[in-house]
Structures are given as structure tokens and as C-alpha cells.
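Quick notes on the structure that follows.
Since every read-out is calculated from the coordinates, none of them should be taken as a lab result. Not measured: the values here are computed from a predicted model. Every residue, glycine among them, receives a Cβ derived from its backbone with ideal geometry; neighbour counts consider all protein chains shown.
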Amino acid sequence: MARRCARLLTAGFAAALLACGGSAEPGDTAGSPAAEPLSIAQRQFVGTWSLAAIERRGADGEPLGPPVENRLGYLIYDSSGYMGVTIMRPDRPQYAEDRPTADEALAQFGSYTSYFGRFSVDEAEGTVTHHVEGSLNPNGIGSDYTRSFLLAGRRLTLQPPPAADGSTARLTWTRQPEAPASETTDTHRQLFGAYRIDSVSRHTTDGFEVEVDQYENGYIFYTLSGHMSVHLMRSGREPLNGDSPTADEALRLTETYASYFGPFSVREMAGCITCPGPRDQGYLTHHRVGSEDPRGTGTDVRRYYELTNTHLTLRPPVGTDDEGREVVTAIRWERLPSR
């Protein structure tokens, strides 16, 4: 495992740091019976953490260059016992067309990291383990990523196991403060939490149902700091044949996994006669500071919403399908209870 991690570090620095370490045994699935309440140790992690720095040291403990401080990333631990992480390199090139070529997809591999799953904490050992349920890199699915941790005030430092050559990496995260009460609405307070993908439906504007591919797994997190992240994974994703993908494998990865992250805002009522969608329905705006698809980075997307105690339904504005029909898509999520 350590040798594999050393090779991964040459393929994609941030991705490899998060992908290396831990056993290969899968964690429990999301459909497990009622889980025990979070431990006191787990509750210390709950919140939104932004990436501050990545440091590498040799086996002798000496720094291997200056800290990397230009990565954009968020690590979210939710009170449901689930977590999600996203890390992105800056200045990722745009695709030449609407969809990437295989070579473009391969060039982007390692520049964006996303995975999600349960988390557990062993306070005696000083470790936190991410039980990976889904990942942009399919080789990580079903793994347990164990990190040594140090919590000091608003700083969290995570360290994966050493590489084959004895070198180590440390990722330092800063806890984001909760949004001021004056800036949160009743919808914010009802929305905060984690949701697992339930189903996707689509119909034309004149009422005809349209077949749509379903996601195998995925989560969306809305946090008290006012941030959100999306992780969606299609079925049929096979492990890579090697440590790094071929161009065709990289293209398949981009077609079967979607992720983005950033702040979000709430509009209780649309109140805009020129806006697409019902004028009497509120909407959320996802401000995407980072996205697995480079075209999404730095853009806003609107999602009309229906919110209950058990489910969240998000609907993008009316779109056009491959046959030129106007279609309405509804993405339904199941709320995960706090523990």
C-alpha cells in the first residue's frame, strides 16, 4: 500500500494525499440500522473546515519544499456521522468544447479530489478514519483512510500514513465560523444538514415523463457556516487497471461523477417575473467556487426547492434535452438524521 501511495504522489499530489493510507476494508453502508450517537470525540470534528496548507517532510523530518497554500478545499463533518471532502488546484484549464476529450480528461486527473462516507474517531490512538463510500477516484471506494490528527483551537491537522520512502504529508484545515444569526432564515435553519440521493425524475413541460439515468450514490451537505458541497456517483464505475487512469478511463470518470462546492444563499420567494420557474417558489443559489467540471468553477446555479422534515427536492431551471424538448428535472434527497 505504501509503494502504491508513493506512485500516486507523482500522479496527483492533493488526490494522492487523500487517497493513501488505511485498510482496504469497506465501511458500513448508508442503509445500516440506526447508528449510535456520535461520540464526544466525533463531535469535535463536526463543522466546515477550509484547507490552509499542505506540507511534506522527508523521513528525517526535514521539509521537502515550502508549504503548498494555494489549494482550494473544504472538509465537512456532519452530525449525521458522514463526511465529504473536496480539494481543487487553482487555474485548471477549461475544456475546448462542451465535453472534454479523453486527453483533456486525463490532463485534469489529480487536479480535483472528492470523496464521501462515514467517519469515526479513535481518540486513544489519535486518529480519524474516513470510511469511503464514493470517490472520484474509483480505486478508493470501499477503503478506510486513517489519519493521525491534531486539534488545536480552530486548526485541524491530518496526517496520512508515511509513504514507502518514509516521507509524510500534513494537511492543515481551519474551522469556518457559523453564519451570523442575522444572515440565516428559517429555511437556512431547516436546511442545514446532510442528505443522501434518493432519485431523479424528469418530464417535459407538457407533462410527458422522460427516462433519466439514476445515481448509484451521492450526498449533499449544507453547513452552519453557509457552505455546501455536492458529491454524485453513477453506477458501473470500475476500478482503474493501474494506479493512474488511461485517457479513456479518465474520460469515463468525468462522465460518471459530479462534484462541486462553495457558499450557498437562500431566496425565500423568487419574486421575479422574468426568472424561469414558478414565481411563487423560493430558490437556493449554489455559488460554485470549485467544481469537478472546470466550466462550473466560479459560476452560480439556481435550484428551486421543496423542503420537508425528511426530504429535499431540488429543481434546476427548465432545460432542453438532446431531442430539443423543454424538460423539468427534479432531484430528490433523503435527509440523514443527526446522531
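Just to check I understand the Karplus step: with θ = phi - 60° and J = 6.51 cos²θ - 1.76 cosθ + 1.60, what whole-Hz values come out for the range 225-242, glycine and proline as x?
Taking θ as phi minus 60°, the curve returns 7, x, 10, 8, 8, 10, 9, 9, 10, 7, 7, x, 7, 9, x, 5, 6, x Hz for the range 225-242.
With θ set to phi - 60° and the Karplus curve 6.51 cos²θ - 1.76 cosθ + 1.60, what are the ³J(HN,Hα) couplings of the range 187-201 in order, to the nearest whole Hz, using x for Gly and Pro?
Per-residue couplings from phi come out as 5, 3, 5, 7, 7, 3, x, 10, 9, 9, 4, 10, 6, 10, 10 Hz.
At a Förster radius of 35 Å, what calculated FRET efficiency corresponds to the Cβ-Cβ distance of ARG339 and ARG155, to the nearest 0.05?
Calculated transfer efficiency: 0.90.
How high is the relative contact order of the chain, in percent, with contacts defined as C-alpha pairs under 8 Å that are six or more residues apart?
It comes to 17 percent, rounded to a whole number.
Rounded, prolate or oblate: which fits the range 29-136, taking a ≥ b ≥ c as square roots of the Cα gyration tensor eigenvalues, rounded meaning a/c under 1.5, else prolate when a/b beats b/c?
The shape class here is oblate.
Stretched out fully, how many nm does the piece from LEU64 to THR174 gain, at 0.36 nm a residue minus the Cα gap?
Taking LEU64 through THR174 to full extension adds about 37.4 nm, to one decimal.
Just report the Cα centroid separation between the range 309-339 and the range 63-104, whole Å.
What the calculation gives is 25 Å, centre to centre.
Could you work out the helix-only [θ] at 222 nm for the chain, with each DSSP H run of four or more residues adding -39,500 (n - 2.57) and the total divided by the number of residues, to the nearest 500 deg cm²/dmol?
-3500 deg cm²/dmol
Please say if the range 181-335 is rounded, prolate or oblate, where rounded means a/c under 1.5 for a ≥ b ≥ c the square roots of the C-alpha gyration tensor eigenvalues, and otherwise the choice is prolate for a/b larger than b/c and oblate otherwise?
It comes out oblate by the Cα gyration axes.
State the extension gain, in nm to one decimal, for the chain segment bounded by GLN94 and ASN241, taking 0.36 nm per residue of separation less the distance between their alpha-carbons.
Length difference between fully extended and current span is 50.2 nm.
For the range 91-179, which GluC sites (Glu not before Pro) are in a loop by DSSP, counting at most 16 other Cβ atoms within 10 Å?
Answer by residue number: GLU97, GLU123, GLU125, GLU178.
Against the longest alpha carbon principal axis of the chain, how many degrees, from 0 to 90 and to the nearest 10, is the axis of helix 247-256 turned?
Helix 247-256 and the main axis of the chain meet at about 50 degrees.
Using the Karplus equation 6.51 cos²θ - 1.76 cosθ + 1.60 (θ = phi - 60°), what ³J(HN,Hα) coupling, rounded to whole Hz, does each residue of the range 106-111 give in order, writing x for Gly and Pro?
5, 5, 8, 4, x, 8
Only loop residues by DSSP count here, and only those with at most 16 other Cβ atoms within 10 Å; note down the GluC sites (Glu not before Pro) in the range 186-252 that meet that.
GLU211, GLU216
Return the distance in nm (one decimal) between the two label points of a simple spin-label model at GLN214 and THR299, each offset 7 Å from Cα along Cα→Cβ.
2.8
With a Förster radius of 30 Å, plug the Cβ-Cβ distance of GLN44 and ASP165 into 1/(1 + (r/R0)^6) and report the FRET value to the nearest 0.05.
With a Förster radius of 30 Å, E is 0.40.
What spacing in nm lies between the two simple spin-label points modelled at GLN281 and SER199, each 7 Å away from Cα in the Cβ direction?
Output for this residue pair reads 1.7 nm.
Testing the spin-label approximation: label points 7 Å from Cα along Cα→Cβ at GLU183 and THR320. State their distance in nm.
3.7
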